[in-house]
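Each remark here refers to the structure printed beneath this line.
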Amino acid sequence: MTIPNIVGAGLIVIGVGIGIGRIGGSAMDAIARQPEATGKIQTAMLIAAALIEGIGFAALFAA
Amino acid sequence: MYRKLLNFLSIFIFIFSLNSFAQDHGHDTHKKEENNHKVEQHTNSHNKELTLKEQIKEDIRHHLLDSHDFHIWQNISFPLPIILWDNGLHIFSSSKFHHGESVAESKGSYYAISHGNGHIYKTDASGAIHLNEKGFEANEKPLDLSITKSVAMIMITGLLLLLLFGGLAKSYAKNGGIGKGPGRLLEPIVLYIRDEIAIPNIGKKYYKKYMNYLLTVFFFIWFVNLFGLTPLGVNITGNIAITFSLAILTYLITTFTAKKDYWKHIFWMPGVPVPMKIILAPIELLGTFIKPFALMIRLYANMKAGHVVLMSIIGLMFLFKSWIGSPLSFGLAFGLSILELLVAALQAYIFTVLSALYFGSAAEEHADH
């Protein structure tokens, strides 16, 4: 667990956090605009979040 | 015809799952042990607690890795059979190994379990395992087809799924379209997979061919993840060989049931200028490999990381030994377990959705191109 490893892990978490945060934010905006489409928006949000998290975990394993 | 293909593929995945132990390397445990070490460095270490730390490490390792005996509770464990192929079939009980300490002898050849990564190696009567210059074991390895903990759990899960769904199907026939019995819980989930995952992605015309696989993969991953959360200590999808076999199945199904339009889109993408087409072809080809690869890594990393963190926090609970530290760790572990329940279902859902997406791109045929 050297210092570059830890710094890399931190950067990865920042990246994942920003990505999923933005998705969550735009999902909230979309739900606010059209409450009847909440189901579809939630589904799409989950899929996008899982994709980003997948990369995050893979990179975290390498770091 | 497709039923036969899917039957063949399910036998294929069964064989892969038998190999799963032999292919899991010890690299992950090394990293995770470092992780645990970092967590435990913060506490005071008296002489007594050093052995507690080591004991915790051993327990965590035991939970995360596959093993040749099924350890259910403190003293209740039963050894699982070991099946080796080494110019002849060797079948014996893993109790001959005495938890890795002694050398097992079968039909004249000797086998020992290496302490480093828990694999079975062929050795001589003294049980010596030679390390090569990089520190890895250099003995010969027989083909390891034994029934390990993971394999036994997969079989149990398969049996459970057969019982649940088989019972549900029979009750439909008996009761004229109304299901009875415990399988009733699963009916809305099956309908959800058909109506929200399969039909939107694959289209009404071809979705039926893929429903078998989608349903199997969803319930298999979900149930196996749920079993991983029990105190039995089975971490099945946290084993990269298992997720590799699942991803390979998705890849094989997309490749072998793909229509002409799919290959046209990969190698000669319509609607772009010719230089772009030539550049796009290798990238798209690489994409067909990377998409199942990402499926494998996503499921594996999510499950393994979740288990490691959960086990570490539980281990932390034993290390603190103060009035405030242990209950806090317990609360954190409890909360994380609830999250893990969500992650178990979510990972199964994501795997299914992405597989359906890939099948959709394989099975679609445009009229407008």
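The values are calculated or read from the model by the stated rules, or taken from the named source; none is laboratory data. None of these values were measured; they are calculated from a predicted model. Note that each Cβ is placed from the backbone with ideal geometry, even for glycine, and that neighbours are counted across all protein chains shown.
Residue by residue, here is whether (1) of a type in the set (A, V, I, L, M, F, W, C); (2) assigned to a helix (DSSP H, G or I); (3) under 20 Å from B:Leu346 (Cα atoms); (4) touching a Gly at 6+ places or on another chain (Cβ under 9 Å) holds:
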residue	(1), (2), (3), (4)
A:Pro4	no, yes, no, no
A:Ile14	yes, yes, no, no
A:Ile18	yes, yes, no, no
A:Lys40	no, yes, yes, no
A:Ala48	yes, yes, yes, yes
A:Ile52	yes, yes, yes, yes
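Within segment A:35-61, the only residue that satisfies the criterion of being at the interface with chain B (Cβ under 10 Å from one of its Cβ atoms) and surrounded by fewer than 13 Cβ atoms within 10 Å (Cβ to Cβ) is A:Gly39.
Selection of segment B:329-360 for residues being touching a Phe, Trp or Tyr at 6+ places or on another chain (Cβ under 8 Å) and either over 21 Å from A:Ala48 (Cα atoms) or outside the structural domain of B:Val234 (by TED's automatic domain parsing) (or both) yields only B:Ser329.
Somewhere in segment B:288-298, is a residue without any contact (Cβ under 8 Å) to a residue 60 or more places away in the chain and more than 20 Å from the chain's Cα centre (by Cα)? Yes, there is a match, as at least one residue in segment B:288-298 is without any contact (Cβ under 8 Å) to a residue 60 or more places away in the chain and more than 20 Å from the chain's Cα centre (by Cα). Taking segment A:1-19 as the range and being surrounded by 11 or more Cβ atoms within 10 Å (Cβ to Cβ) and within 13 Å of chain B (Cβ to nearest Cβ) as the test, the residues that pass are A:Met1, A:Asn5, A:Ile6, A:Ala9, A:Ile12, A:Val13, A:Val16.
Taking the conditions (1) more than 30 Å from B:Pro200 (Cα to Cα); (2) aliphatic (A, V, I, L, M); (3) within 14 Å of another protein chain (Cβ to nearest Cβ) in turn, B:Ile324 satisfies each one other than (3). Are any of the residues in segment B:172-195 buried (at least 16 other Cβ atoms within 10 Å of the Cβ), away from every other protein chain (no Cβ under 14 Å), over 23 Å from B:Ile236 (Cα atoms) and modelled with pLDDT of 85 or more? There is at least one residue in segment B:172-195 that is buried (at least 16 other Cβ atoms within 10 Å of the Cβ), away from every other protein chain (no Cβ under 14 Å), over 23 Å from B:Ile236 (Cα atoms) and modelled with pLDDT of 85 or more. Is one or more of the residues making up segment B:149-160 buried (at least 16 other Cβ atoms within 10 Å of the Cβ), charged (D, E, K, R) and in contact with a strand residue (DSSP E or B) (Cβ under 9 Å, 6 or more places away or on another chain)? Within segment B:149-160, one or more residues are buried (at least 16 other Cβ atoms within 10 Å of the Cβ), charged (D, E, K, R) and in contact with a strand residue (DSSP E or B) (Cβ under 9 Å, 6 or more places away or on another chain). Listed by position, the helices (runs of 4 or more DSSP H) enclosed by segment B:193-284 that each have at least 1 residues that are within 29 Å of B:Ser67 (Cα to Cα) are B:207-228, B:240-256. Here B:Tyr206 meets the list (1) in contact with a Ser or Thr (Cβ under 9 Å, 6 or more places away or on another chain); (2) closer than 25 Å to B:Leu159 by Cβ; (3) modelled with pLDDT of 85 or more almost entirely, failing just condition (2). Quick one: is B:Leu339 surrounded by fewer than 19 Cβ atoms within 10 Å (Cβ to Cβ), part of a helix (DSSP H, G or I), out of contact with any Pro (no Cβ under 7 Å at 6 or more places or on another chain) and of a type in the set (A, V, I, L, M)? Yes.
Report whether or not B:Phe289 is among the aromatic types (Phe, Trp, Tyr) and either exposed (fewer than 13 other Cβ atoms within 10 Å of the Cβ) or not in a helix (DSSP H, G or I) (or both). So B:Phe289 passes the test.
Going by the structure shown, is A:Ala32 part of a helix (DSSP H, G or I), out of contact with any Phe, Trp or Tyr (no Cβ under 6 Å at 6 or more places or on another chain), of a type in the set (A, V, I, L, M) and surrounded by fewer than 14 Cβ atoms within 10 Å (Cβ to Cβ)? Yes; evaluated as a whole, the condition is true for this residue. Quick check: is even one residue across segment B:223-230 among the hydroxyl-bearing types (Ser, Thr, Tyr) and either outside the structural domain of B:Leu186 (by TED's automatic domain parsing) or farther than 19 Å from B:Ala294 by Cβ (or both)? Scanning segment B:223-230, I find at least one residue that is among the hydroxyl-bearing types (Ser, Thr, Tyr) and either outside the structural domain of B:Leu186 (by TED's automatic domain parsing) or farther than 19 Å from B:Ala294 by Cβ (or both), so the answer is yes.
Residues in segment B:299-321 that are touching a residue at least 40 places away in the same chain (Cβ under 8 Å), within 14 Å of another protein chain (Cβ to nearest Cβ) and over 30 Å from B:Phe359 (Cα atoms): B:His307, B:Val308, B:Ser312.
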